[in-house]
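The structure appears below as structure tokens.
The values are calculated or read from the model by the stated rules, or taken from the named source; none is laboratory data. Nothing here was measured: the structure is a model prediction, and the numbers come from that model. Cβ coordinates were reconstructed from backbone atoms using ideal geometry, including for glycine residues, and neighbour counts include every protein chain displayed. Note: areas computed on protein heavy atoms with side chains; ligands, DNA, RNA excluded. Shrake-Rupley method; radii C 1.70, N 1.55, O 1.52, S 1.80 Å.
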Amino acid sequence: MSDDYLWDPSAAPDAEIQRLEGLLRPAAYTPVPLRATAVRSRRIRIGTWSVLAAGVALAAGGLYAVRRAATVPWSVMAEQGAPVVRAAGGELAPGALRRGGVVETDAHSRAVVAVGRIGRAELGPNSRLRLVGADSTQHRLALERGTMHASIDAPPRYFLVQTASALAVDLGCVYTLTADERGNGRLVVEEGEVELQMGDVKVAVLAGNAASLRSGTGPGLPYPVRSSSALRDAVAAYDANPSSAALDAVLAAADARSTITLWHLLHRADPAARERVYARLAAIAPPPATATRERVLRGDSYALQRWRTDLQPSWAMNPPFWRRAWLAATR
């Protein structure tokens, strides 16, 4: 073997070998603080959920587009049993609703109606729904009895449902409406907002709230679905008989979650009782400077609307994201 390949420990180190050894030597370990690790882990989790949420939204949007394109306007599908579709004259007209026509379910049947191309209405058992009219300005139905669950995606005030006691004006939402032939019933809003109307009476029912319908008196006071039983009972008593004792019960049961009830009560209470309502609402959520006590007590519309603007962010309780995505996909 040539002496060129023998290692001489006394020889000076070769510069090139030292360079290569330095590249191969492991870098010194630098510990990562626990706090930074936790923050990074949390960011990864948040990022993962964001990606999943975006995926759900995209999937829901794609499903929604496919369903919308395939929808036959005013078609009626049996979801359970054998619902009946009749024309305006009473003769059977299976398949789709026409102007003046009705779809009826018995105790053992359910139906799904395609509301034009803007959504769907699901009919529960023992229900009857009539198509009053449908054109480029509005779609109007009449719930003559039973239960209807509507999921609508349309401009505000385009979709209307009338009952014997009130008109439900859709402001872009998902809701369930129940009514009997006299007009007694209940509205529960899951997403968006519905305005109940009867004459000059208007009630705003936002997501997470409900309101009763009463024959002869129209819509009742709105209240949060998750409110206390004391408030629900007090509102029901006031809707049935707006006495001073019933008013006191509502005021006693109201809290920061039920300002929607108190604000509407300002419109309902007579002038003598309005001051008590004002005092209770102001104690929970002080009014803006422009909504003075004097202006509110005399029913000044600007002052009342200005106060509502401040209060309204706390009124709505929309469903979680995954539920909203599912509702959008199934319209």
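Pop out the ³J(HN,Hα) list for the range 292-301 in order, Karplus 6.51 cos²θ - 1.76 cosθ + 1.60 with θ = phi - 60°, rounded to Hz; leave Gly and Pro as x.
Ordered by residue, 3J(HN,Hα) equals 5, 4, 4, 5, 5, 5, 8, x, 4, 5 Hz.
Take A289 and D135, extend 7 Å from each Cα along the Cα→Cβ direction, and tell me the distance between the two endpoints in nm.
About 4.9 nm, to one decimal.
In terms of modelled amide H atoms, which long-range or inter-chain residues lie less than 5 Å from the amide H of L141?
V132, L160, V161, Q162
Using a 7 Å offset from the Cα along the Cα-to-Cβ direction at both S229 and L297, what is the distance between the two label points in nm, to one decimal?
About 3.8 nm, to one decimal.
Place a +1 charge on the Cβ of each Lys and Arg in the range 145-219 and a -1 charge on the Cβ of each Asp and Glu, then give the dipole magnitude about the Cα centre in debye, rounded to the nearest 20.
Working: 6 positive and 9 negative charges, 58 e Å.
In total the dipole reaches around 280 debye.
Name the residues of the range 247-263 whose amide N is less than 20 Å from a point 7 angstrom out from the Cα of R276 along the C-beta direction?
Only 247-256, 258-263 fall inside the zone, counting backbone N under 20 Å.
What ranking, highest mean first, results for peptides 269-277, 135-143 when packing means the other Cβ atoms within 10 Å averaged over each residue? If you can, show how the numbers build up before the last one.
Details: 269-277: 15.0, 135-143: 16.7.
Highest to lowest by the protection proxy: 135-143, 269-277.
Apply the Karplus parameterisation 6.51 cos²θ - 1.76 cosθ + 1.60, with θ equal to phi minus 60°, to every residue of the range 140-155 and state each ³J(HN,Hα) to the nearest whole Hz, in sequence, with x for glycine and proline.
10, 10, 10, 8, 7, 5, x, 10, 10, 10, 10, 10, 10, 10, 8, x
For the range 156-280, with all protein chains present and a 1.4 Å probe, just round the carbon and sulfur fraction of the accessible area to a whole percent. Please report the intermediate quantities before stating the final value.
Values: 2450 of 4860 Å².
After summing per-atom areas, the C and S share lands at 50 percent.
Given axes a ≥ b ≥ c from the Cα gyration tensor, I'd like to know whether the range 153-245 is rounded (a/c under 1.5), prolate (a/b larger than b/c) or oblate.
Values: a/c = 2.05, a/b = 1.36, b/c = 1.51.
Oblate, since a/c reaches 1.5 and b/c is not below a/b.
Starting from the coordinates of the alpha-carbon atoms of the range 152-309, obtain the Kirkwood hydrodynamic radius over all distinct pairs and give the value in Å to one decimal. Could the numbers behind the result be given before it?
Details: mean 1/r = 0.0629 Å⁻¹.
This gives a value of 15.9 Å.
Probe of 1.4 angstrom, ligands and nucleic acids ignored: what's the accessible area per residue over the range 154-246, in square angstrom?
Working: 3560 Å² over 93 residues.
Value returned for the range 154-246: 38 Å² of accessible area per residue.
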